[in-house]
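Down below is the structure, laid out as structure tokens.
The values are calculated or read from the model by the stated rules, or taken from the named source; none is laboratory data. For clarity, every value in this text was computed on a predicted model and none was experimentally measured. Methodologically, a virtual Cβ is constructed for each residue, glycine included, from the backbone with ideal geometry; neighbour enumeration extends over all protein chains shown. Please note that ligands, DNA and RNA were not included when accessible areas were found on the heavy atoms of the full protein model with its side chains. Shrake-Rupley method; radii C 1.70, N 1.55, O 1.52, S 1.80 Å.
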Amino acid sequence: MNVLITGGAGYIGSSVSHYLLDKGHQVTIIDNLSTGSIKNIPKKATFHKIDISNRKKLNKIFNKKKYDIVFHFAALINNEESIEYPKKYFENNFIKAKIFIENCIKNKVNKFIYSSTAAVYGNKNKQVNERDDLKPMSPYSKSKLKLENFLIKKKKDIRCIILRYFNVAGSDKKLRCGFNVKKGHNLILNLCNAVFKKKIFIINGGDYNTKDGTTIRDYIHVEDLAKIHLLSANLILKKKMFKILNCGYGYGFSVKEILKKFNLISKNKVNYKIGKRRKSDIVISISNPKKLIKLTNWKPKYNDLSYLLKSSLDWYKKNI
Ligand SMILES: NC(=O)c1ccc[n+]([C@@H]2O[C@H](COP(=O)([O-])OP(=O)(O)OC[C@H]3O[C@@H](n4cnc5c(N)ncnc54)[C@H](O)[C@@H]3O)[C@@H](O)[C@H]2O)c1
């Protein structure tokens, strides 16, 4: 298939692009490189450095080639930054994305895979399923949900699978692409920095109502997620449908559990401190992936915490 990918210079978009090319598909990437890196982009992909809201340049791209499907990854994803700059997130992740989707439809491309987030559920003390009520807590997650709702309104005219990712981690096996080591912001990157840059690892809150007082997350390896994209695309290419699917393994690890495993993998003892809780942080985020498994027949392959941490660490060491 011939795929148009937005945000393909970023962490997940580039991993999916490599995966699709490995499987013999054609990939065109559009990215404004605001947070992504040109180094992540596969050599075999066609690349256009443009903003998703640039109608003129997009029309040119659509006039050159026919696309079977669009994978929409492009977004700003820093939860904490979104609290400081809510408008920036609303504009980039919703207004610009809306312009982009409308432009695709105008150019007769009406099949979409949209990268949404588990953060749309807000705080739930249980495994969440797709029918649970939604309570996004930050401008970031609100902007992601706004686009979900926009796509739902277009249901009649489009085929679409909304993928709600839980915490994405790990890197491409061949270490061709990965998360932003210099500017990224996630738990595993902070652990890597603690080891290699001798920084103190801060646990954001140690008094939550969980087994050890720290927050719990469902981590999914980026290569498993890449496969989910291909399976989802195959489904909507065959049949008209509109689905929302959770993407996670169905169980979570606390920050302290990750820290303990990371010490073993990195053969180090991370120096840590319990800090303040973060604003709008979710306490427990665990998926119920039954619907995804039933619909796509997906079988997780990299659902091993040691492998997931090692694969993140390997990428970090290569790019530090
Ligand atoms: N990383 C996670 O754990 C996670 C979890 C849930 C959902 N998601 C979603 O997955 C998607 C990809 O996340 P990621 O971790 O790869 O982030 P990333 O920051 O690595 O990649 C995002 C890419 O989009 C590009 N971009 C942003 N705004 C753009 C615009 N207006 N025009 C063109 N390009 C633009 C950036 O330059 C970057 O290359 C996002 O939609 C995010 O909301 C990520």
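Annotations
- The chain - Rg and Dmax from Cα coordinates, angstrom: 18.9, 56
- Annotation for segment 95-128 versus segment 1-57: alpha-carbon center distance of 17 Å.
- Straight-line reach from K291: taking Cα to Cα under 17 Å and skipping same-chain neighbours fewer than 8 places apart, the aspartates and glutamates in range are E130, D132, D133, D218, D224.
- In the assembled protein chains, E91 presents an accessible area of approximately 80 Å² (probe radius 1.4 Å).
- Aspartates and glutamates whose Cα lies under 15 Å from that of K238, excluding same-chain neighbours fewer than 8 positions away: D68
- Whole-Å semi-axes of the ellipsoid equivalent to segment 1-144 (Cα gyration tensor, √5λ, descending): 27, 17, 15
- Exceeding the 19 Å Cα-Cα cut-off - candidates K173/K199; K98/K154; K126/K299; K64/K96: K173/K199; K126/K299; K64/K96
- Rounded to the nearest 20 debye, the dipole size of the chain about its Cα centre is 720 debye, using +1 on the Cβ of Lys and Arg and -1 on the Cβ of Asp and Glu.
- Using the Cβ of K211 as centre and a radius below 12 Å, the other residues enclosed give a net charge of -1, where K and R count +1 and D and E count -1.
- DSSP finds beta bridges in the chain, and of those with both partners inside it, around 5 percent are antiparallel.
- Crossing angle, helix 55-64 versus the chain [Cα axis fit, 0-90 degrees, rounded to tens]: 70
- Annotation note: trypsin sites (Lys or Arg not before Pro) in segment 29-97 located in DSSP loop regions with a Cβ neighbour count of at most 15 within 10 Å are K43, K44, K65, K66.
- Each residue was assigned an accessible area with a 1.4 Å probe, and for S53 the value is about 30 Å².
- Charge tally in the Cβ shell below 14 Å around S82, where Lys, Arg are +1 and Asp, Glu are -1, S82 excluded: +2
- Scattering curve values for segment 77-187, log₁₀ I(q)/I(0), Debye with Cα scatterers, q = 0.17 Å⁻¹: -0.97
- Integer Hz, Karplus 6.51/-1.76/1.60 couplings in order for segment 253-267, x for Gly and Pro: 10, 7, 4, 5, 5, 5, 4, 4, 5, 5, 4, 5, 5, 8, 6
- The angle between the Cα long axis of helix 97-106 and the longest principal axis of the Cα atoms of the chain comes to about 30 degrees, rounded to the nearest 10.
- Protection-proxy order for peptides 249-260, 269-280, 214-225, each taking the mean of Cβ atoms within 10 Å per residue, highest first: 214-225, 249-260, 269-280
- Reduced Cα scattering model of segment 156-216, Debye log10 I(q)/I(0), q = 0.14, 0.15, 0.20 Å⁻¹: -0.64, -0.70, -0.97
- When the residues I95, I244, I29 are ordered by accessible surface, computed with a 1.4 Å probe over the protein chains alone, the sequence from largest down reads I95, I244, I29.
- Kirkwood hydrodynamic radius over Cα pairs of segment 259-316, then Stokes diffusion coefficient at 20 °C and 1.002 mPa s, in µm²/s: 145
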